[in-house]
Amino acid sequence: MVSYIRRDYLATPMFGKPIKMVLLGGGELGKEIAIESQRLGVEVIVVDRYDWAPAMHVAHRRYVIDMLNPVAVKSVVEKENPDVIVPEIEAISYEALEDLESKGFLVIPNAKAVRIAMNRIELRKFAAETLGVPTTRYSFAENPDEAVDACDKVGYPCLIKPEMSSSGHGHVKVVEPNPNIVKKAYEYAVSHARGRSRRVIVEEFIQLETEFTVLTYRYVGDSAVVTEVCEPVEHWRYGKYHYIESWQPSKKSREILGKAKEIGIKVANGLGGLGIFGVEVFLGKDGRILFSEVAPRPHDTGMVTMASQELSEFAIHVRAVLGLPVPKPRILTPAASIAIYTDKENIWAPRIIGVYEALKIEGVDIRVFGKPFTYRDRRMAVVLARGRDIDEALEKARKAASYIVVE
Ligand SMILES: Nc1ncnc2c1ncn2[C@@H]1O[C@H](COP(=O)(O)OP(=O)(O)O)[C@@H](O)[C@H]1O
Ligand SMILES: [Mg+2]
């Protein structure tokens, strides 16, 4: 068992006895985790599968390895001997994390939670059957015939998703009970999975009223781990499967937000460990409030908290994983965020153009991730905007984003 410490000191990076963090995954979320860690004098080591990933630009050291190779992951961690291991992506060898945890390393939030959360089938069983939180109707399948049965059982329209994938990869909506279409959809889903699994989850496709990310976090309190929840972030995807816009606070009723927060707390406590969890919750047009999935780490839609909250989701995560207290941050101002994607394939050292006009708008800010090359639909930057209210913040963010192109 790893025991948690209540930390009463910070240290000097590179010299003496630094506090060391190994970040497994160095994307834009990792970059902000690294910056917040640097602010507290933590020595930051970033590991990713390609060189000069965003977080590597703000790290003390960096490693480029195959993150799914347990030997590679363990050799970096054992060499660095960090105080804390912070996974930032799902595509990491969880065998390595479990092994490292059993050797006494602190894995965030904990190795088992990482394993459950990266697998849609495990996660759904855990949430719906173990914790008893409400979810969409679902069924599982591992071959085309089972997929047909699963879709019939769940009803139409339904959504087939591979057991493991992220950013909507391999999601297929099926609208009618046609076995040939279902079988094709199943093959598409498994061919876009991470790894070789042939298993899928079939979910009832619900008509969304809106979506929330409930940022819930666990930190070391005076005598026990404390669970706290931020005001839900609301986001809208315009029928796509990836993050486009998010804002905070939500204008939905206190009752709805309260139920969403309850789900966040249940799921975070169920998974346990330390750090922040992005708990994804659906509000259906029929009024149902349902758990969808959870990222045991900061969430892309939560980037808006860099503009809206006293402590961003990244600052919260860093404090929590270091054993520092994290009193609930207040919302300082309504704010919105918009992700900037590129549709260009393989541009080396792209430029983010249009920023002069964008930044002329009062209350607008941008984070450029610094990814060294593009591919189609890659996220390259995020626009943040503050406003008197959500409508104004969103309007400013949209206006600013409309000026920006990646070339
Ligand atoms: N059962 C569903 N019904 C309707 N929309 C869904 C359903 N599941 C997912 N979606 C939509 O797809 C998005 C991505 O799905 P999600 O399961 O969160 O995958 P990912 O791991 O790629 O984020 C959700 O945010 C939501 O907009
Ligand atoms: Mg999701």
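Which of (1) buried (at least 21 other Cβ atoms within 10 Å of the Cβ); (2) touching a Lys or Arg at 6+ places or on another chain (Cβ under 8 Å); (3) in the same structural domain as Ala295 (by TED's automatic domain parsing) is the odd one out, the single condition Ser246 does not satisfy?
Going through the list (1) buried (at least 21 other Cβ atoms within 10 Å of the Cβ); (2) touching a Lys or Arg at 6+ places or on another chain (Cβ under 8 Å); (3) in the same structural domain as Ala295 (by TED's automatic domain parsing), Ser246 breaks only (2).
Can you tell me which residue among Lys240, Lys252, Lys266 is out of contact with any strand residue (DSSP E or B) (no Cβ under 6 Å at 6 or more places or on another chain), within 16 Å of ligand 2 (Cβ to nearest atom) and in the same structural domain as Arg330 (by TED's automatic domain parsing)? Before you say what the answer is, go through the steps one by one.
Values: Lys252 fails: within 16 Å of ligand 2 (Cβ to nearest atom); Lys266 fails: within 16 Å of ligand 2 (Cβ to nearest atom).
Going through Lys240, Lys252, Lys266 in turn, the sole match is Lys240.
Looking for whichever is outside the structural domain of Val44 (by TED's automatic domain parsing) and touching an Asp or Glu at 6+ places or on another chain (Cβ under 6 Å) here; the options are Ile121, Ile160. Which one fits? Let's see the steps before the verdict.
Details: Ile160 fails: touching an Asp or Glu at 6+ places or on another chain (Cβ under 6 Å).
None of the other options fit; the residue is Ile121.
So the check is Cβ under 6 Å with 6+ separation or different chains; which pairs have a first residue in the stretch 53-64 that's within 15 Å of Ile85 (Cβ to Cβ) and a second one that's assigned to a helix (DSSP H, G or I)?
Ala55/Gly30; Ala55/Lys31; Ala55/Ala34; Ala59/Ala34; Tyr63/Val76
Report yes if Ala307 is touching a residue at least 12 places away in the same chain (Cβ under 8 Å), touching a helix residue (DSSP H, G or I) at 6+ places or on another chain (Cβ under 6 Å), part of a helix (DSSP H, G or I) and away from ligand 1 (no atom under 16 Å from the Cβ), otherwise no.
Working: touching a residue at least 12 places away in the same chain (Cβ under 8 Å): yes; touching a helix residue (DSSP H, G or I) at 6+ places or on another chain (Cβ under 6 Å): no; part of a helix (DSSP H, G or I): yes; away from ligand 1 (no atom under 16 Å from the Cβ): yes.
No, not satisfied.
Between Phe314, Phe277, Phe282, which is within 16 Å of ligand 1 (Cβ to nearest atom), touching a Ser or Thr at 6+ places or on another chain (Cβ under 9 Å) and either more than 21 Å from Thr136 (Cβ to Cβ) or open to solvent by 10 Å² or more (accessible area, probe 1.4 Å) (or both)? Let's see the steps before the verdict.
Values: Phe314 fails: within 16 Å of ligand 1 (Cβ to nearest atom); Phe277 fails: either more than 21 Å from Thr136 (Cβ to Cβ) or open to solvent by 10 Å² or more (accessible area, probe 1.4 Å) (or both).
Of the residues listed, the single one that is within 16 Å of ligand 1 (Cβ to nearest atom), touching a Ser or Thr at 6+ places or on another chain (Cβ under 9 Å) and either more than 21 Å from Thr136 (Cβ to Cβ) or open to solvent by 10 Å² or more (accessible area, probe 1.4 Å) (or both) is Phe282.
Please work out which residue is farthest from Arg398 (Cα to Cα), limiting yourself to the stretch 344-372 and to residues that are within 22 Å of the chain's Cα centre (by Cα) and in a loop (DSSP other than H, G, I, E, B).
Residues of the stretch 344-372 within 22 Å of the chain's Cα centre (by Cα): 365-372.
If we keep only those that are in a loop (DSSP other than H, G, I, E, B) as well, we get 369-372.
Details: Phe369: 19, Gly370: 21, Lys371: 22, Pro372: 25 Å.
Filtering first and then ranking leaves Pro372.
If I filter the stretch 86-105 down to residues being open to solvent by less than 30 Å² (accessible area, probe 1.4 Å) and more than 17 Å from the chain's Cα centre (by Cα), which single residue comes out as modelled with the lowest pLDDT?
Ser93
Please go through the stretch 13-57 and give me each residue that is basic (Lys, Arg) and closer than 17 Å to His299 by Cβ, ordered by number. Outline the logic, then answer.
Of the residues in the stretch 13-57, the ones basic (Lys, Arg) are 17, 20, 31, 39, 49.
Passing the criteria: only Lys31.
Tell me which residues, restricted to the stretch 373-402, are assigned to a helix (DSSP H, G or I), over 15 Å from Tyr243 (Cβ atoms) and either of a type outside the set (D, E, K, R) or open to solvent by less than 50 Å² (accessible area, probe 1.4 Å) (or both).
Hits for the stretch 373-402 are Ile390, Glu392, Ala393, Lys396, Ala400, Ser402.
The values are calculated or read from the model by the stated rules, or taken from the named source; none is laboratory data. Please read these numbers as outputs of a predicted model, since none were measured by experiment. Backbone-built Cβ (ideal geometry, glycine too); neighbour counts: all protein chains shown. Accessible surface is based on the protein model in full, side chains and every heavy atom, while ligands, DNA and RNA are left aside. Shrake-Rupley method; radii C 1.70, N 1.55, O 1.52, S 1.80 Å.
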